[in-house]
Amino acid sequence: MEYVEAFRRVEDINSIKRYLKKHSERDYTLFVIGINTGLKINEILELKCSDVLTSENIIKEHLKLKLDDEKETSVYVNAKVRSALQEYLTKLPTADDSYLFMSPKTNKPITRQQAHRIIHQAVEAAGIEGKYGASSMRKTFGYHAYKQGVSVALIQKHFHHASLAETMKYLGISEEEKIKTIIDVNL
């Protein structure tokens with residue numbers, strides 16, 4: 001697998017979002033979920049309507065997911081994801097067991113390769129230089145969480161990495177790039 005990087009510039013993220021929104025609500029929603037949850041692409045593609053909707057058809061605030069190791073995890077669904085899902089689901093004939101990101105040719109989700117192509121096409125259309133793909137969404141989540149002051153230890157836990165060094169390398173953050181964190185309890 002080829003190494004891809006995080007989208008570091010918010011302007012680039014917004015350019016991709018504009019392109020995807022214009023071309024496909026499904027692809028836009030996929031991207032918004034990817035950059036706002038930090039889920040792996042295979043976890044996103046396996047999402048079903050029942051994973052994101054309550055029995056009253058309201059978008060859940062937390063997704064309960066089984067991971068590769070069969071442990072259950074809870075992932076926060078922020079306002080941007082809820083908004084994207086709300087708009088997308090109004091245009092989607094949903095059934096509890098249907099996949100969110102279904103291929104129009106099958107009753108299965110789009111493939112990892114298709115998700116990679118979607119991101120790659122959006123990057124090219126936006127004129128962004130660098131190596132990007134489907135995994136860039138997860139890396140973008142982690143990178144921007146780090147830049148906003150979230151501890152690497154929390155990001156490591158969210159990503160289920162074995163070490164802080166692994167997380168720093170995954171995010172493409174060097175020793176020189178470490179940000180200054182201000183901890184102020186202001187009692």
_Answer from Leu39, Leu65 - the residue that is outside any helix (DSSP H, G or I), within 21 Å of Ile16 (Cα to Cα) and not β-branched (Val, Ile, Thr)_ = Leu39
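Residue-wise test of (1) in the same structural domain as Ile155 (by TED's automatic domain parsing); (2) among the hydrophobic types (A, V, I, L, M, F, W, C); (3) at pLDDT 90 or above; (4) more than 18 Å from His120 (Cβ to Cβ).
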{"residue": "Val4", "(1), (2), (3), (4)": "no, yes, yes, no"}
{"residue": "Leu20", "(1), (2), (3), (4)": "no, yes, yes, no"}
{"residue": "Val32", "(1), (2), (3), (4)": "no, yes, yes, no"}
{"residue": "Cys49", "(1), (2), (3), (4)": "no, yes, yes, yes"}
{"residue": "Thr54", "(1), (2), (3), (4)": "no, no, yes, yes"}
{"residue": "Glu61", "(1), (2), (3), (4)": "no, no, yes, yes"}
{"residue": "Leu67", "(1), (2), (3), (4)": "no, yes, no, yes"}
{"residue": "Arg82", "(1), (2), (3), (4)": "no, no, yes, yes"}
{"residue": "Tyr88", "(1), (2), (3), (4)": "no, no, yes, yes"}
*Within the stretch 95-105, can you find the residues that are in a loop (DSSP other than H, G, I, E, B) and over 19 Å from Gly38 (Cα atoms)?*
Ala95, Asp96, Asp97, Ser98, Ser103, Pro104, Lys105
*asked:* Please count how many residues of the stretch 106-142 are assigned to a helix (DSSP H, G or I) and within 12 Å of the chain's Cα centre (by Cα).
replied: 10
*asked:* Give me the residue from the stretch 1-54 that is of a type in the set (Phe, Trp, Tyr) and surrounded by 15 or more Cβ atoms within 10 Å (Cβ to Cβ) and, out of that set, nearest to Val77 (Cα to Cα).
replied: Phe31
_Going by what's in this entry, would Gly38 be described as in contact with a His (Cβ under 7 Å, 6 or more places away or on another chain) and not aliphatic (A, V, I, L, M)?_
yes
*Scan the stretch 6-14 and give yes if some residue there is among the hydrophobic types (A, V, I, L, M, F, W, C), over 18 Å from Ser135 (Cβ atoms) and at pLDDT 95 or above, otherwise no.*
yes
*Would you please name the residue that is nearest to Ser74 (Cα to Cα), looking only at residues in the stretch 143-159 that are of a type in the set (Gly, Ala, Ser) and in a loop (DSSP other than H, G, I, E, B)?*
Ser151
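This table checks each residue for (1) farther than 11 Å from Gly38 by Cβ; (2) at pLDDT below 90; (3) surrounded by 14 or more Cβ atoms within 10 Å (Cβ to Cβ).
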{"residue": "His116", "(1), (2), (3)": "yes, no, yes"}
{"residue": "Ile128", "(1), (2), (3)": "yes, no, yes"}
{"residue": "Tyr132", "(1), (2), (3)": "yes, no, yes"}
{"residue": "Thr140", "(1), (2), (3)": "no, no, yes"}
{"residue": "His144", "(1), (2), (3)": "no, no, yes"}
{"residue": "Gly149", "(1), (2), (3)": "yes, yes, no"}
{"residue": "Ala162", "(1), (2), (3)": "yes, no, no"}
{"residue": "Gly172", "(1), (2), (3)": "yes, yes, yes"}
{"residue": "Glu176", "(1), (2), (3)": "yes, yes, no"}
*With respect to Asn57, is the statement that it is surrounded by 20 or more Cβ atoms within 10 Å (Cβ to Cβ), of a type in the set (S, T, N, Q) and either on the phi > 0 side of the Ramachandran plot or assigned to a helix (DSSP H, G or I) (or both) true?*
no
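Look at Glu72 and say whether it is of a type outside the set (S, T, N, Q) and free of Cβ contacts under 8 Å to residues at least 60 places away in the same chain.
Considered against the rule, which asks whether it is of a type outside the set (S, T, N, Q) and free of Cβ contacts under 8 Å to residues at least 60 places away in the same chain, Glu72 comes out as yes.
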*Would you please name the residue that is farthest from Ile33 (Cα to Cα), looking only at residues in the stretch 84-94 that are without any contact (Cβ under 8 Å) to a residue 40 or more places away in the chain and assigned to a helix (DSSP H, G or I)?*
Thr90
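The values are calculated or read from the model by the stated rules, or taken from the named source; none is laboratory data. Remember, predicted model here, so these are calculated numbers, not experimental data. Positions of Cβ are generated from backbone atoms using ideal geometry, with glycine treated the same way; all protein chains shown enter the neighbour counts.
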